[in-house]
1. Using a Gaussian network model of the chain with C-alpha springs under 10 Å, which one of Arg174, Arg26, Arg101 is most mobile by mean-square fluctuation?
2. Given Val289, Gln54, Leu20, which one lies farthest toward the positive end of the charge dipole of the chain, if we put +1 on the Cβ of every Lys and Arg and -1 on the Cβ of every Asp and Glu?
3. Using +1 on the beta carbon of Lys and Arg, -1 on that of Asp and Glu, and nothing else charged, what's the dipole of the chain about the Cα centre, debye to 20?
4. Full-extension gain between Ala33 and Ser78, please, as 0.36 nm times their residue separation minus the C-alpha to C-alpha distance.
5. Looking at the square roots a ≥ b ≥ c of the eigenvalues of the Cα gyration tensor of the stretch 100-207, which shape do they give, rounded for a/c under 1.5, prolate if a/b is larger than b/c, or oblate?
6. Using only helices, what value at 222 nm comes out for the chain when you add -39,500 (n - 2.57) per DSSP H run of length 4 or more and divide by the total residues, to the nearest 500 deg cm²/dmol?
7. Per residue, how much accessible area does the stretch 88-211 show when a 1.4 Å probe rolls over the protein heavy atoms, in square angstrom?
8. Would you mind checking which residues have amide H under 5 Å from Ala27's amide H? H placed 1.01 Å from N; only 5 or more apart, or other chain.
Amino acid sequence: MKLLAGNSNKPLAQAIADHLDMPLTRAQVKRFADNEVFAVIEENVRGEDVFVIQSTSAPANDNLMELLIITDALVRASARRITAVMPYFGYARQDRKTGGRTPISAKLVANLITRAGANRVLTMDLHAGQIQGFFDIPTDNLLATPVLAQDIKEHYAKSSDLMIVSPDVGGVVRARALAKRLDADLAIVDKRRPKAGESEVMNIIGEVSGRRCILFDDIVDSGGTLVNAAKALMDQGAAEVSAYISHGVLSGPAVNRVADGPLKELVITDSIAISHEAETCPKIRRVPVAPLIGEAIRRIANEESVSKLFD
């Protein structure tokens, strides 16, 4: 098989290659003067099983176009099978119509990837599980929960006062799965969203007084939801509040909000390349997922079960 990386997250791609003990395929993905994307594969890939590692994080449109153009180049180079490895799947939050005359962009992106020539998709912690059904090709959705749960065990030992908190009602299933792994209690933040990018905490469901609370979610974008939830938990008497999030989008004022807010710590995976500001923030820590993704790639290449990774 061959591993090929776009420009979205080169360090993660290299870490996956190191885990699999194989080099990244030589390729150039660059821009013309007018910012058009150009890709050339510099090795023979005819008949190969090729895995393209590319998160569609910010700049989402550029990274998505890179993925599509690399895929097209591989199709025209007669690759046997092309797997789009997307540690972070952009546009996932647009998974349904939220009003009249609005798009379902996640479905559109799934169509684009399929039509470009991908034969399979490997991603991690989709915002909504039903997005797997948007693809007409096999799609594996890895779970970062075991990786994050292990980190919590290492840093919180067996704290009897630990409480897992879902920052909204929509994330209860995800938070409950983590709470079950850790044998911890569960609380829920009841919030409303007046408009996109803003949230307002209405109520805390569960007794959090004196507890060490861990907010658990799949995406942290502007950080508003996390910080508001952390404030509400502290107001209800929580001893401390940390957050474990799969994908650290961290756009706009997110890093400053985390640095200045009540969160003790924000732990994210390295599914998305982060800014220097986020990398140097003392409150932000990253957990590697290269071993998880690398093992999934190995299993797919060997036609083995991926789901057994989470048994």
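1. Sorting by GNM fluctuation, first place goes to Arg101.
2. Most positive-ward Cα: Gln54.
3. Working: 37 positive and 39 negative charges, 115 e Å.
Dipole magnitude for the chain comes out near 560 debye.
4. My answer for the length gained is 13.3 nm.
5. Note, shape of the stretch 100-207 comes out oblate.
6. Taken over the chain, the calculation gives -9500 deg cm²/dmol.
7. Details: 6480 Å² over 124 residues.
Averaged over the residues of the stretch 88-211, the accessible area is 52 Å².
8. Sorted by chain and number, the residues that satisfy this are Glu42.
The values are calculated or read from the model by the stated rules, or taken from the named source; none is laboratory data. These numbers were taken from a predicted model, which means no experiment stands behind them. All Cβ positions, glycine included, derive from the backbone under ideal geometry; neighbour counts span all protein chains shown. Ligands, DNA and RNA are excluded from the accessible area calculation, which covers all protein heavy atoms including side chains. Shrake-Rupley method; radii C 1.70, N 1.55, O 1.52, S 1.80 Å.
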